[in-house]
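Read the structure below first, then the notes.
The values are calculated or read from the model by the stated rules, or taken from the named source; none is laboratory data. The model shown is predicted, which means the values in this text are computed figures rather than measured ones. Ideal geometry is used to build each Cβ from the backbone, glycine not excepted, and the neighbour counts take in all protein chains shown. We work out accessible area using only protein heavy atoms, side chains counted, and drop any ligands, DNA or RNA first. Shrake-Rupley method; radii C 1.70, N 1.55, O 1.52, S 1.80 Å.
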Amino acid sequence: RMRKDSGMLKYLWNDIRQLPRKIALAGRYQCGRYSIIERGALIRVSQGGEISLGANVYVRRGTELHADGGRIVCGGGNFLNRNISIVSHQLISIGNGTTIGPNTVIYDHDHDPANKGQFISREIISGRNAWIGANCTILKGVHIGDNAVIGAGSIVTGDVPADAVYYCKCTPVIRLR
C-alpha cells in the first residue's frame, strides 16, 4: 500500500496534473521523467516555439517559461526557483545540473531601436552545473561556462568562462543619510 506522501505518488500526480498542458501544446512541449512543475508556474509556447525540459527538473511557482518563436532547452537535474522569467525568440539552452535563483530574468532578445516593434535576438547558452544567484539579469548573446557561479543581483551582458565566479558590485552615486 502506497502512503499519501510517497515520492512516487508525488511524481505520478504531477504527470496527471500536467496532462492537459501537454495536450494543449501538442508536441511543442516536452517534459522529462520525474520533473515537477509547481502549480502557479506558467509554460507558454507561441509563434512556433518549443520547450524541452529534461528529467528531474524542478520548476517553482511564479516561474514563466515562454518560447515566443524560439526554443528553451533545459537539461536534466535543474532547479528553477520562484518568479523566474525566461523568454526566448531564438534559443536559450540551460545545461544539466544548473540552479537558478529567484527573481532571475533571462531574455535572448531586446528591441531594435532602428525598427520599432522588431527584436534583435542572439542565443544564450549555459553550461553544466552553473549556479545563477537571485535577482540576476542575463541578456542576449551570453555564454556561461560549466561550473560557473553568477552572484546575486548581477547583470550579465558578456560571456562568463567555465569555473569562473562572476558578480557585479555597484557603488552608490549618492549616499543618503
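Points to keep in mind about this one:
- Qualifying residue in region 32-40 (condition: open to solvent by less than 30 Å² (accessible area, probe 1.4 Å) and under 19 Å from Ile132 (Cα atoms)): no
- The residue of region 136-158 that is surrounded by the most Cβ atoms within 10 Å (Cβ to Cβ), among those that are of a type outside the set (S, T, N, Q) and touching a Phe, Trp or Tyr at 6+ places or on another chain (Cβ under 6 Å), is Ile150.
- Taking the criterion of being crowded, with 19+ Cβ neighbours inside 10 Å, under 9 Å from the mean Cα position of the chain (by Cα) and part of a strand (DSSP E or B), the residues of region 61-72 that qualify are Leu65, Ile72.
- Subset of region 80-135 that is in a loop (DSSP other than H, G, I, E, B) and of a type in the set (A, V, I, L, M, F, W, C) - its residue that is most open to solvent (accessible area, probe 1.4 Å): Ala114
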